[in-house]
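Enquirer: Here's a structure for you.
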Amino acid sequence: MMRRINKNAVEFNFEWLFAIVAGATILILAVYGVSRLGNTQRYQTDTEIAKQLAIITDPLQAGFAEGVFSKIIFNQDTRINNICYSEDFGKNDMSVATKSGVGSEWQDSGGATSIHNKYIFSDAASTGRDYYVFSTPFYFPYKVSDLIFLSSDSNEYCFISPPRDVENMILGLNMPHIKVNNCSDNGNIIRVCFGTSGGDCEISVYGSCTNSCGELGVYNEGYVEKFDRSVKMNYVGNLIYGAILSDKGVYDCNVKRLLYRTGEIAEIFSVKAGLMDSRDCSTNLNTDLAILGEISKNDTVDDLFSLNPVIKQIEAKNEQEICGLW
Amino acid sequence: MKIQQMAFMIIAIFIFFALVAVFFLSWQTRSLKSDFGAMQKEQAISSLAVISDMPELNCDSKTSLCLDEDKIRVMASNYSQRYSEFWPVASVKVYKVYPKEQFEQIVVFDSGQTNVEEYSTFVSICKKLKGSGYVYDSCNIGKLSVGVKLPEVVK
């Protein structure tokens, strides 16, 4: 008995099979390509935002003001990473990741922008839609740089019994993320106690300055304790804000960078003193500046207290000079 | 025969998509380069105030857009190379423009980059002098010029 083979049916099935396989392959490749393109686009946008962050923080620096406060508003939740490197002048590598409604909510951050000429104090990674930028100058004894404190709207602080200078700065600049004395019952608020005030606090600030303390008074020099006293950060002058508002890693690194720059500026002042001498406008700060230039370049946050008396001595000498260097 | 037609069709579709991808990527690269250039220019312009206020160049910590002539000369001698990574720009030059007879160009920093676009602002250039028993600032009118780091053109 012979079987009848339907040739048309075989042809039809193969064509369909081929079309389905080829079509599916094209579709899969297209979907894969579009998703890769989307990721690349997000990476590019995040990289551009990081670069813009470096640019827009230029006019947000204190300059000749005692303090400057500004707000950066993003269109969607944004994560800002701050990796600090302390070798020589060091740098803050800032990278950004934006939250997306399509695909994975958070993908890897975009390319980092290296910022060598700014000192950005923040958490190593912070997330929020609004970011607060507060800047104040750092003198040691001359102006070394402006300090930039970056914090997201997810961190709210309450300062309990701060020194008058700190209180005036915060109230004067009207910073919405820092309350003074009037702490709400909001469980997320970070309580910052000055001295032994307030009792149960996440952050405690202690002052130990005894002479030539300036406007910050006893809090011109001291240390900050965080997380049940497991973290201790030394500060002098306006570094007090950095110790309160940033991670220990970022803080220690930026302080080391600032001390290195202090040393470089000391050397420049030392050579400038020589040029002024030749114009009969002499100073006797040369030796002190040469020593400061030598030691502070290798100093770290642990050396702040030992360096501070030297700084105060140089400052006092400069004030007495007719041809002051700064 | 039909399979052959289909295969040709598939190849044609692939070529079409490949061409679209090439055009898209070239447009994307052009737009990325132009964005980068625009941001570099923006940074150079905003850097003018930042650089003039740097304690390494500034007269004192109270006067904006005022450069200390002594510091400029120190930086121009051999110090600025230590700052090579530090500058957010490709070059920093200072011109003493008034009085005319004292015209001078001082190159504070030059990265050696050839493809540079310059932006400038007027500044005071001062130095401390002592005369008749008192100290005073002698100032000239100057221009601070910074060069934008543009992508190098490969020849």
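Read the figures in this text as sums done on the coordinates, not as results from a lab. Please read all numbers here as calculations on a predicted model, not as lab measurements. Glycine gets a Cβ as well: all are built from the backbone with ideal geometry, and neighbour counts include every protein chain shown.
Enquirer: Would a scan of the stretch B:93-112 turn up a residue that is assigned to a loop (DSSP other than H, G, I, E, B), closer than 29 Å to A:Glu315 by Cα and out of contact with any Leu (no Cβ under 8 Å at 6 or more places or on another chain)? Full working, then the answer.
Expert: Of all residues in the stretch B:93-112, those assigned to a loop (DSSP other than H, G, I, E, B) come to B:99, B:103, B:111-112.
Subset that is closer than 29 Å to A:Glu315 by Cα: none.
No, because not a single residue in the stretch B:93-112 is assigned to a loop (DSSP other than H, G, I, E, B), closer than 29 Å to A:Glu315 by Cα and out of contact with any Leu (no Cβ under 8 Å at 6 or more places or on another chain).
Enquirer: How many residues, within the stretch B:69-100, are of a type in the set (D, E, K, R) and either closer than 19 Å to A:Phe138 by Cβ or free of Cβ contacts under 8 Å to residues at least 24 places away in the same chain (or both)?
Expert: Going through the stretch B:69-100 one residue at a time, the tally reaches 4.
Enquirer: Only one of (1) within 13 Å of chain B (Cβ to nearest Cβ); (2) surrounded by 16 or more Cβ atoms within 10 Å (Cβ to Cβ) is not met by A:Asp280, so which one is it?
Expert: Failing condition for A:Asp280: (2).
Enquirer: Same structure, new question: Mind counting the residues in the stretch B:5-60 that are without any contact (Cβ under 8 Å) to a residue 24 or more places away in the chain, assigned to a helix (DSSP H, G or I) and within 30 Å of A:Phe140 (Cβ to Cβ)?
Expert: Residues that pass the stated criteria total 1.
Enquirer: Filter the stretch A:44-102 down to the residues that are touching a helix residue (DSSP H, G or I) at 6+ places or on another chain (Cβ under 6 Å) and aliphatic (A, V, I, L, M) and list them by number.
Expert: Across the stretch A:44-102, the qualifying residues are A:Ile55, A:Met94, A:Val96, A:Ala97.
Enquirer: Turning to a different aspect of this structure: Can you report the number of residues in the stretch A:47-60 which are touching a residue at least 24 places away in the same chain (Cβ under 8 Å) and either within 11 Å of A:Met94 (Cβ to Cβ) or buried (at least 21 other Cβ atoms within 10 Å of the Cβ) (or both)?
Expert: Of the stretch A:47-60, the ones touching a residue at least 24 places away in the same chain (Cβ under 8 Å) are A:47-51, A:53-54, A:57, A:60.
Filter again for either within 11 Å of A:Met94 (Cβ to Cβ) or buried (at least 21 other Cβ atoms within 10 Å of the Cβ) (or both), leaving A:47, A:49-51, A:53-54, A:57.
Count: 7.
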